[in-house]
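Remarks on the structure that follows.
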Amino acid sequence: MILLRRSHAIAGVTALGLAAAAGAATADDGNRSPTLLDRISITGDPDRIQDVPGSAQQLDRDELDRHSYSDPHRILRAIPGVNIAEEEGYGQFPHISMRGTPPERNNRVTVMEDGVLVAPAPYSAPAAYYFPPMARMDRVEVQKGSSAIRHGPYTTGGALNMLSTPIPDDTSGKADVLFGSNNGRRVHANVGGTEDLPEGAGQFGWLIEGFTEQSDGFKNLDNPASGPNQPDPNTGLDRRNIMTKLRWNTDPAAAIYQEVEFKYARDDRTVNDTYLGLTESDYRDDPYRRYHGSQKDEINTENELFQLRHYINPTPNTDLTTTIYRTDTVRNWYKLHEVAPEGADFDDSDSFTGITDILDNPGGFASEFAWIQGNDNDARGAVRANNREYYAQGIDFTGGYWFDLGGWDHELEVGLRFHEDEEDRFQWQDQYEMGPEGDMYQVERGTPGETTNRLTEADAIATYVQNTMRQGPWQIQTGLRYEDIEIRRRDWDDPERSGANQDRDTTANYRVWIPGIGATYAIDANWSVLAGVHRGFAPGGTDEDAREERSTNYEAGFRYSSANTRAEVIGFFNDYSNINIECTAVGGGCGQADIGDNVSAGEVEIYGLEALVIHDLGRSQGWDYAVPLSLGYTLTQSRFAQSIGESAPNQWANAEKGDSLPEIPEHQINASAGIGQEDWRVTLNANYVTSVNARADPQFSGQEIDSRLLMDVSGEYRVHPNARLFAAVENLTDKEYIAHYRPAGVRPGKSREVWAGVKMEF
């Protein structure tokens, strides 16, 4: 139930914003009339990014079309300050970090679709296994720094917002049909339009969109023979996504303009992936091998999204947007969890060893590792059904008011959100033996709820006030956010949930003020400088003694913009008084923590530089063809201010004072060069990342995520006014590289893939 009991603090902040607006009631009603798109966008109109007092980038539909990626990692690496950690090669389970925040399942980044929180349970379980299909998005936005605090609750790194396909003004549509390596298929199609209703009743708009993606995968499963009790050789994925929008709006020239939009989306996905990697020796022999023990592994997810949004522009200088939203997610990752050796008591859970420990020391667990390879018929493996359900729902109000006061133009924005979400874990384990031909067969079925039987719930009220003031060359933005959060956890000892485990029932409350201020100064028509400071925050989990994550974050830099060139350089410094890391199974181990717990790591300093230059050489030289060039660079350095013991989850366990954070590379470069005219274009993209330790523990000092230079090339040719032929090669040089060492063992990056097809518009 939404916690209305805490509304007094919210009312104070909201009243502060409304009082400021009321104090300017005599101001000129202005000539700015925002649209609904301004309210679901986090960076605003592309032409206004130059004035944002903080880091802000956009990738529009044209840029997303150049390579037609479906992998969020490949899309986001073009944006400086964004760090990624690969897992399965296709980006189905993204690990996204900004400015050095822990990349664990994006749990320190505010992820949104159309301005609404989109994680299955963003407060109670932010590190969940669902991410919208980026390939169907119309625009991708990233905002970091002080101006991003209005998009909480995670305010240290930044916010990622994906804008879905808008309803077109005229009846139109598109269809992209692509085929690729490994029996890959991608189809993205939509059709929609806007019609005038009779007798001045306004307009009605509609959109229907579908996206599907399939692949047999680039890994090779041991013993891929077909037939009874044999593993499916498919190591790829099958995803199906539909989305529809319905909109009514008044006549655009109406005295009071209004829009009502309903949006529904459903995503169904099967990914035949595993937590089980390889030993380094087996990786060297065949980097794309998958062991017998992973043959049953797959994850199935279902996600439904509902949004109802009302927008009203009652006066030329006032607008109000109300959004009601709900998401429901069901998932079950059925995967090898642990193995017991030959001669063990298989009824005793202590006889089993987790796959991370086995892959870290295969010689010390010879029987268990032999079973994984399909060579020990007397050992036994336990396959865990990580079965979970989530929901998130809430109502969000955003109001804007434009006025003049004290010689400054003011843009005041006030927001209020009531939110609740839940994660329900109801998990079990089945035991398997290995047949003589390497096929697994079930010998014992577990009882649902016997391994993990837990409910985590969160209620939150969030509000913010942000005022942007402009006068001459100055733009100053001040903001204040308030988060009031309660997170509760209940555990049961039996599948029937007849008796709660009182020792594990916990409740944590967080009430925090998050201020921020930023400014830009236009030196002339081309050059501007910016600076900002804000507070970073993330809740610390369900333990009542847990420490919230806190930091003070600084940034400063400059921008340049002209007809053919755009450039910016921004330095940042995130000074954590306390940084947390969440224990997850994908992390490979939790030390003394439980899955889902947040562990405090104390003080950390993260600092670096973000640089981006975009230039059209062809246009600047007056050539008959465009030559777009871009170069992005990210420097990230970090330092633990104290040593950390074994209690921290795997990646950070046993870090020493002065060590750098694992998984965050020091240098990243993304370069792109293209050439084209109206009917054709070719684009080459190169991404270079330096090597970095996968773990802070010196015991694993040899486990490095490889440095790598990956190149992708794409091209298209228009064969008809409404049709283009498209082709692309991802990982052009077929680079083999170690992408990570978690969840368990060596994880390879994706091999070369070739794609070709047609893109049609009508």
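The values are calculated or read from the model by the stated rules, or taken from the named source; none is laboratory data. Bear in mind the structure is a predicted one, so any value in this text is a computation, not a measurement. Don't worry about glycine lacking a Cβ; one is built from the backbone with ideal geometry, like all the others, and counts go over all protein chains shown.
Only one of these conditions is not met by G200: (1) touching a strand residue (DSSP E or B) at 6+ places or on another chain (Cβ under 7 Å); (2) surrounded by fewer than 16 Cβ atoms within 10 Å (Cβ to Cβ). Which number is it?
(1)
Residues are listed down the side, and each one gets a yes or a no for (1) in contact with a helix residue (DSSP H, G or I) (Cβ under 7 Å, 6 or more places away or on another chain); (2) part of a loop (DSSP other than H, G, I, E, B); (3) under 30 Å from M243 (Cα atoms):
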{"residue": "Y283", "(1), (2), (3)": "no, no, no"}
{"residue": "I299", "(1), (2), (3)": "no, no, yes"}
{"residue": "L308", "(1), (2), (3)": "no, no, yes"}
{"residue": "Y311", "(1), (2), (3)": "yes, no, yes"}
{"residue": "T323", "(1), (2), (3)": "no, no, yes"}
{"residue": "T329", "(1), (2), (3)": "no, no, yes"}
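Here is a check on your reading of the model: is T463 in contact (Cβ under 8 Å) with a residue 12 or more places away in the chain, closer than 22 Å to E548 by Cβ, of a type in the set (S, T, N, Q) and buried (at least 17 other Cβ atoms within 10 Å of the Cβ)?
Against the criterion (in contact (Cβ under 8 Å) with a residue 12 or more places away in the chain, closer than 22 Å to E548 by Cβ, of a type in the set (S, T, N, Q) and buried (at least 17 other Cβ atoms within 10 Å of the Cβ)), T463 qualifies.
Tell me, yes or no, whether the range 444-460 has at least one residue that is without any contact (Cβ under 8 Å) to a residue 40 or more places away in the chain, assigned to a loop (DSSP other than H, G, I, E, B) and not small (G, A, S).
yes
With respect to G217, is the statement that it is out of contact with any helix residue (DSSP H, G or I) (no Cβ under 9 Å at 6 or more places or on another chain), touching a residue at least 40 places away in the same chain (Cβ under 8 Å) and surrounded by 19 or more Cβ atoms within 10 Å (Cβ to Cβ) true?
yes
Just to be sure I understand, how many residues within the range 627-677 are of a type in the set (A, V, I, L, M, F, W, C), surrounded by fewer than 22 Cβ atoms within 10 Å (Cβ to Cβ) and out of contact with any Phe, Trp or Tyr (no Cβ under 9 Å at 6 or more places or on another chain)?
Residues in the range 627-677 being of a type in the set (A, V, I, L, M, F, W, C), surrounded by fewer than 22 Cβ atoms within 10 Å (Cβ to Cβ) and out of contact with any Phe, Trp or Tyr (no Cβ under 9 Å at 6 or more places or on another chain): 4 in total.
Restricting attention to the range 416-440, and to residues there that are touching a residue at least 40 places away in the same chain (Cβ under 8 Å) and among the acidic types (D, E), which single residue is farthest from I461 (Cα to Cα)?
Per the stated criteria, the residue is E437.
Where residues in the range 539-548 are touching a Ser or Thr at 6+ places or on another chain (Cβ under 7 Å) and either at pLDDT 95 or above or of a type in the set (D, E, K, R) (or both), which of them is surrounded by the fewest Cβ atoms within 10 Å (Cβ to Cβ)?
It comes out as E544.
If I ask for residues that are of a type in the set (A, V, I, L, M) and at pLDDT below 90, which ones from the range 488-528 would you list?
Answer for the range 488-528, where residues must be of a type in the set (A, V, I, L, M) and at pLDDT below 90: just A500.
Answer yes if at least one residue in the range 221-230 is at pLDDT 95 or above and crowded, with 20+ Cβ neighbours inside 10 Å, and no otherwise.
no
Only one residue in Q295, Q307 is under 36 Å from the mean Cα position of the chain (by Cα), at pLDDT below 95 and closer than 29 Å to P120 by Cα, so which one is that?
Of Q295, Q307, the one residue that is under 36 Å from the mean Cα position of the chain (by Cα), at pLDDT below 95 and closer than 29 Å to P120 by Cα is Q295.
Okay, residues lined up against (1) of a type in the set (D, E); (2) under 18 Å from Q427 (Cβ atoms):
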{"position": "R489", "(1), (2)": "no, yes"}
{"position": "T507", "(1), (2)": "no, no"}
{"position": "P515", "(1), (2)": "no, no"}
{"position": "D524", "(1), (2)": "yes, no"}
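Specify which of the listed residues (T212, T250, T194, T270) is among the polar types (S, T, N, Q), free of Cβ contacts under 8 Å to residues at least 60 places away in the same chain, touching a Phe, Trp or Tyr at 6+ places or on another chain (Cβ under 6 Å) and under 27 Å from Y325 (Cα atoms).
Only one candidate passes the filter, namely T250.
Regarding the range 399-412, can at least one residue be identified that is on the phi > 0 side of the Ramachandran plot and of a type outside the set (A, V, I, L, M)?
Within the range 399-412 (the criterion being on the phi > 0 side of the Ramachandran plot and of a type outside the set (A, V, I, L, M)), the answer is yes, since at least one residue qualifies.
Mind counting the residues in the range 530-570 that are part of a strand (DSSP E or B) and closer than 22 Å to H151 by Cβ?
Number satisfying all stated conditions: 21.
Considering each of I79, I75, I49 in turn, give the residue that is among the β-branched types (V, I, T) and outside any helix (DSSP H, G or I).
It is I79.
Checking the condition farther than 30 Å from N387 by Cα, at pLDDT 95 or above, among the small types (G, A, S) and surrounded by fewer than 21 Cβ atoms within 10 Å (Cβ to Cβ), which residue from A563, A531 passes?
Only one candidate passes the filter, namely A531.
If you take the residues in the range 366-402 that are surrounded by 21 or more Cβ atoms within 10 Å (Cβ to Cβ) and among the aromatic types (F, W, Y), which one is nearest to F346 (Cα to Cα)?
W371
Out of T321, T329, which single residue is at pLDDT 95 or above, within 30 Å of T447 (Cα to Cα) and of a type in the set (S, T, Y)?
Answer to the selection: T329.
Being among the charged types (D, E, K, R), surrounded by fewer than 20 Cβ atoms within 10 Å (Cβ to Cβ), out of contact with any helix residue (DSSP H, G or I) (no Cβ under 8 Å at 6 or more places or on another chain) and touching a residue at least 12 places away in the same chain (Cβ under 8 Å), is that true of even one residue in the range 79-88?
So far as the range 79-88 goes, no, none of its residues is among the charged types (D, E, K, R), surrounded by fewer than 20 Cβ atoms within 10 Å (Cβ to Cβ), out of contact with any helix residue (DSSP H, G or I) (no Cβ under 8 Å at 6 or more places or on another chain) and touching a residue at least 12 places away in the same chain (Cβ under 8 Å).
Give the residue, chosen from G479, G374, that is in contact with a strand residue (DSSP E or B) (Cβ under 8 Å, 6 or more places away or on another chain), assigned to a loop (DSSP other than H, G, I, E, B), more than 21 Å from I299 (Cα to Cα) and in contact (Cβ under 8 Å) with a residue 12 or more places away in the chain.
Answer to the check: G374.
Would you confirm, using the coordinates I've provided, whether N234 is buried (at least 18 other Cβ atoms within 10 Å of the Cβ), at pLDDT 95 or above and among the polar types (S, T, N, Q)?
no
Quick check on my filter: what residues within the range 140-170 are in a strand (DSSP E or B) and either crowded, with 24+ Cβ neighbours inside 10 Å or touching a Ser or Thr at 6+ places or on another chain (Cβ under 8 Å) (or both)?
Once the filter is applied, which keeps residues that are in a strand (DSSP E or B) and either crowded, with 24+ Cβ neighbours inside 10 Å or touching a Ser or Thr at 6+ places or on another chain (Cβ under 8 Å) (or both), the range 140-170 yields E141, V142, Q143, K144, A159, L160, N161, L163.
Assuming E423 fulfils every condition listed in (1) surrounded by 21 or more Cβ atoms within 10 Å (Cβ to Cβ); (2) farther than 30 Å from A119 by Cβ; (3) of a type in the set (D, E, K, R) apart from one, which condition is it?
The one condition E423 does not meet is (2).
Just to be sure I understand the filter: pairs with C-beta atoms under 6 Å, separated by 6 or more residues or on different chains, first member in the range 677-694 and under 19 Å from G622 (Cα atoms), second member of a type in the set (S, T, Y). Which pairs pass?
Listed pairs, sorted by first residue: Q677/Y625; W680/Y717.
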